[in-house]
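Q: Attaching a single structure in structure tokens format; questions to follow.
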Amino acid sequence: MQERLLQFIWKEKYFNTADLVTESREKLVIQDAGTFNPHQGPDFLDARIRLGDTTWAGNIELHIKSSEWNRHRHNDDPNYRNVILHVVWEDDERRLSEIIPTLVLAPRVSSVMLDRYKLLMDQRNVIACEGSIGEVPEGIWSAWKEELLGARLKRKSKLILELLKESGSNWEECSWWWLARNFGGTVNAQFFEQVARSVPVKSLARHRNQVIQLEAILLGQANFLKPANADPYVQLLQREYRHLQHKYGLVPVHGQAQLLRMRPAGFPTVRLAQLAMLLHKLPSLHHLLVEVETIREMEQMLEITANDFWHYHYTLGEAAPYQPKHLGSDMRTYLIINGIIPLVYTLGERLDHSGMKQKAARWMHSLPPERNSLVRSWERVGQVCESAAGTQALTELKKNYCGVKRCLDCRLGHHLLNR
């Protein structure tokens with residue numbers, strides 16, 4: 001038995017509650033099991049029980065063995081003075097039950113449920129319940145996925161609010177950092193955010209009409225303009241960067257972007273050139289969040305192609321066969337899902353604007369499902385999504401529940417354990 005499982009059993013009342021008695025043979029009725037307390041102090045707060053003819057209100061502490069009460073020195077801790085019931089799996093300290101009302105759960109819990117839990121915990125597959133996941137009713141699945149989607153948006157919103165605080169509550173600056181981070185993809189997200197932080201968005205805005213200058217700033221700050229280069233276009237970028245670096249006192253970021261195991265179309269040089277073109281095209285990042293109403297409008301805003309030089313290059317080095325560097329549909333969808341929608345949602349939360357939060361959810365439900373290895377792992381066990389809302393929910397589920405065996409906190413786990 002694990003204490004986390006014992007807490008789960010108590011919270012969900014997954015035990016026989018008929019004719020309860022304490023170890024001192026007092027009749028016990030649980031009126032309210034209390035609220036789980038993840039912080040210091042008793043496990044459940046604000047509970048109500050009836051012992052004999054007396055109703056008690058207070059807190060409940062759980063242990064595997066009753067002797068843990070003394071081992072944890074709860075007698076000396078004022079946080080435990082209002083404990084009205086000690087719930088244990090095994091009573092190995094009988095004298096204590098004469099002082100604190102004690103309930104032993106072991107004889108009252110189904111062995112079938114315990115066997116199911118052990119089976120889940122012993123599974124080597126990341127999705128522990130993949131063999132029985134088809135037994136979960138669609139209604140439970142749908143409600144859980146909506147909750148997971150909300151949790152994922154809130155998780156990203158928390159990160160954005162941290163950026164907003166660091167930016168001095170400057171939404172344009174915060175949005176610039178976040179959008180640049182997502183342009184870097186999973187491999188170069190942190191590096192691209194460093195580049196964005198190294199040059200104020202208001203400085204970039206002054207050169208919005210000169211895409212070559214925007215490109216020079218971004219590539220220069222990312223350390224791509226240092227080597228000598230005979231190409232006239234690269235030399236132009238280097239001259240522009242030297243001038244703008246001196247003008248704004250720019251300091252290039254430390255380190256280098258990663259290219260290993262990356263498709264040429266996703267090279268950081270190409271992405272930075274596309275990002276420069278996006279800044280050139282947009283009136284402001286605020287416009288992207290507030291004025292755009294439909295997914296189609298957003299996709300049109302992101303339909304950009306890097307400068308002509310990049311038609312024949314993937315880096316600032318040797319030329320390559322002609323291939324215009326459009327921002328592909330997969331990348332546009334990735335940016336909307338991971339970059340734009342969380343910003344829209346967070347702005348809606350911050351302003352208490354229900355319309356913006358609804359727009360974020362509506363967009364997520366209208367976008368096609370993502371295609372990646374995580375989504376394919378769910379498809380292999382029969383979970384096929386119709387939209388990005390579903391794939392984002394399953395991403396949240398796998399990363400923050402399945403991946404860390406939080407079956408006891410998962411609605412699917414609840415259902416499968418209580419069949």
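Quick note: the coordinates plus some simple rules give every number you see, no bench work behind them. Predicted, not measured: the structure shown is a model, and the values here were computed from it. As a convention, Cβ positions derive from the backbone with ideal geometry for all residues, glycine included, and neighbour counts pool all protein chains shown.
Q: Using only Cα atoms, find the angle between the long axis of helix 211-221 and the longest principal axis of the chain, and express it within 0 to 90 degrees, rounded to the nearest 10.
A: Tilt of helix 211-221: around 60 degrees.
Q: Averaging sequence separations of C-alpha pairs under 8 Å and six or more residues apart, then dividing by the length of the chain, give the relative contact order as a whole percent. All intermediate terms of the calculation are to be shown ahead of the outcome.
A: Values: 561 pairs, mean separation 57.3, N = 419.
The normalised contact order for the chain reaches 14 percent.
Q: Would you kindly derive the ³J(HN,Hα) couplings of the range 22-36 from the backbone phi angles with the Karplus curve 6.51 cos²θ - 1.76 cosθ + 1.60 (θ = phi - 60°), listing them in order in whole Hz, with x for Gly and Pro?
A: Couplings: 7, 5, 8, 6, 7, 5, 10, 10, 8, 8, 8, 6, x, 9, 4 Hz.
Q: What does the extension gain come out to for L260 and V112, with contour length at 0.36 nm per residue minus their alpha carbon separation?
A: 48.3 nm
Q: Using each residue's phi in the range 129-144, evaluate 6.51 cos²θ - 1.76 cosθ + 1.60 at θ = phi - 60° and report the 3J(HN,Hα) Karplus result to the nearest Hz, with x for Gly and Pro.
A: These are the phi-based 3J(HN,Hα) values: 9, 4, x, 10, 5, x, 7, 7, x, 4, x, 5, 4, 4, 5, 5 Hz.
Q: Further, regarding this structure: Given H placed on each backbone N at 1.01 Å, which residues far from L367 in sequence or on other chains put an amide H within less than 5 Å of it?
A: Answer set, sorted by chain and number: A388, A389.
Q: In addition: Can you compute 3J(HN,Hα) from phi for each residue in the range 46-52, using the Karplus curve 6.51 cos²θ - 1.76 cosθ + 1.60 with θ = phi - 60°, rounded to whole Hz and x for Gly and Pro?
A: Running phi through 6.51 cos²θ - 1.76 cosθ + 1.60 with θ = phi - 60° gives 6, 8, 9, 9, 10, 10, x Hz.
Q: On to the next question. Note the angle between two axes, namely the Cα long axis of helix 111-122 and the longest principal axis of the Cα atoms of the chain, as a number of degrees from 0 to 90, rounded to the nearest 10.
A: 30 degrees
Q: Label R380 and K27 with points 7 Å out from Cα along Cα→Cβ: what is the distance between them in nm?
A: Going by the 7 Å Cα→Cβ label model, 5.7 nm.
Q: Between A216, A230, A265, which gets the highest mean-square fluctuation from a Gaussian network model of the chain, Cα cutoff 10 Å?
A: A230
Q: Please list, ordered by chain and number, the residues whose modelled amide H lies under 5 Å from the amide H of T102; skip anything fewer than 5 residues away on the same chain.
A: It is E23, S24, H86, by chain and number.
Q: Do you know the relative contact order of the range 3-109, to the nearest whole percent, from alpha carbon pairs under 8 angstrom that are 6+ apart?
A: Numbers: 198 pairs, mean separation 27.3, N = 107.
Value for the range 3-109: 25 percent.
Q: If I histogram all Cα-Cα distances within the chain using bins 10 Å wide from 0, what percent of pairs lands in each bin?
A: 4, 18, 21, 18, 15, 11, 8, 4, 1, 0
Q: Using just the helices of the chain, give the 222 nm mean residue ellipticity in deg cm²/dmol: DSSP H runs with n ≥ 4 each add -39,500 (n - 2.57), and the total is spread over all residues, rounded to 500.
A: -14500 deg cm²/dmol
Q: Give the dimensionless ratio obtained when the Cα radius of gyration of the range 3-109 is divided by 2.2 N^0.38 Å.
A: On the way: Rg = 12.4 Å, N = 107, 2.2 N^0.38 = 13.0 Å.
Dividing the Cα Rg of the range 3-109 by 2.2 N^0.38 Å gives 0.96.
Q: Cα-Cα over 24 Å: which of K154/K325; K281/K325; K357/K405; K156/K325; K11/K357?
A: Values: K154/K325 33 Å; K281/K325 16 Å; K357/K405 31 Å; K156/K325 29 Å; K11/K357 32 Å.
From K154/K325; K281/K325; K357/K405; K156/K325; K11/K357, over 24 Å: K154/K325; K357/K405; K156/K325; K11/K357.
Q: In whole angstrom, and with the biggest value first, how far do the Cα coordinates of the range 167-327 range along each principal axis?
A: 44, 35, 29
Q: Taking H placed 1.01 Å from N in the peptide plane, check which residues at least 5 places from V83 or on another chain put their amide H under 5 Å from its amide H.
A: N59
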